Amino acid sequence: MCCSRMTSIYLEEGFEPDRFVDIFDAGPVLTVAVDRSASVLANEVRAVRTAQDDTGASGTPYLIAAGGAHAFRCVLVNLPSSRATGAPLSAELCKVLSVKDSDTVRCMPLHQASRELQ
């Protein structure tokens, strides 16, 4: 992946070039106001709904996180786009995340490249 393409991904996330240059690779230093980053703005809390093992076959790719700072766990799974459906997870994924039915998890849609990056 070329440097300008990688930088474009960061810019889409909300990072901005700073006036400094990294001393190790002479690349630009990019900064972001955390509360304005795309990941923070797009994430949502959903209730876990135990589902059949074939969940995730269709839908949008999401990073699902649980556990907080000291027991953090994260998985990549397809979820329905509608928040109203909650987070349908198989028993195996519930075990990996250490969650049960009706617990809440943080869901963030995986980065989808803009047309100019594809």
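The values are calculated or read from the model by the stated rules, or taken from the named source; none is laboratory data. All figures in this text were calculated on a predicted structure; none of them were measured in a lab. Heads up, the Cβs are rebuilt from the backbone with ideal geometry, glycines too, and the neighbour counts pull from every protein chain shown.
Results, tabulated for the structure shown:
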read-out: Subset of segment 10-37 (residues that are without any contact (Cβ under 8 Å) to a residue 12 or more places away in the chain, acidic (Asp, Glu) and under 25 Å from Met108 (Cβ atoms)); value: Asp35
read-out: Criterion violated by Ser4 - all others in (1) surrounded by fewer than 12 Cβ atoms within 10 Å (Cβ to Cβ); (2) among the polar types (S, T, N, Q); (3) in contact with a Pro (Cβ under 8 Å, 6 or more places away or on another chain) satisfied; value: (3)
read-out: Single match in Ser58, Ser39 (criterion: loosely packed, with under 12 Cβ neighbours inside 10 Å, polar (S, T, N, Q) and farther than 21 Å from Asp103 by Cβ); value: Ser58
read-out: The listed residue being outside the structural domain of Phe15 (by TED's automatic domain parsing), over 22 Å from Glu12 (Cα atoms) and exposed (fewer than 14 other Cβ atoms within 10 Å of the Cβ), out of Ala51, Ala69; value: Ala69
read-out: Single residue of Val75, Val29 found to be over 14 Å from the mean Cα position of the chain (by Cα), aliphatic (A, V, I, L, M) and at negative phi; value: Val29
read-out: Every pair of residues 6+ apart whose Cβ atoms lie under 9 Å, when the first sits in segment 46-67 and is at pLDDT below 95 while the second is acidic (Asp, Glu) and not in a loop (DSSP other than H, G, I, E, B); value: Asp53/Glu92
read-out: Residue under evaluation Lys95, criteria (1) touching a residue at least 12 places away in the same chain (Cβ under 8 Å); (2) in a helix (DSSP H, G or I); (3) more than 14 Å from His111 (Cα to Cα), criterion not met; value: (1)
read-out: Residue tally, condition surrounded by fewer than 12 Cβ atoms within 10 Å (Cβ to Cβ), outside any strand (DSSP E or B) and not aromatic (Phe, Trp, Tyr), over segment 7-26; value: 4
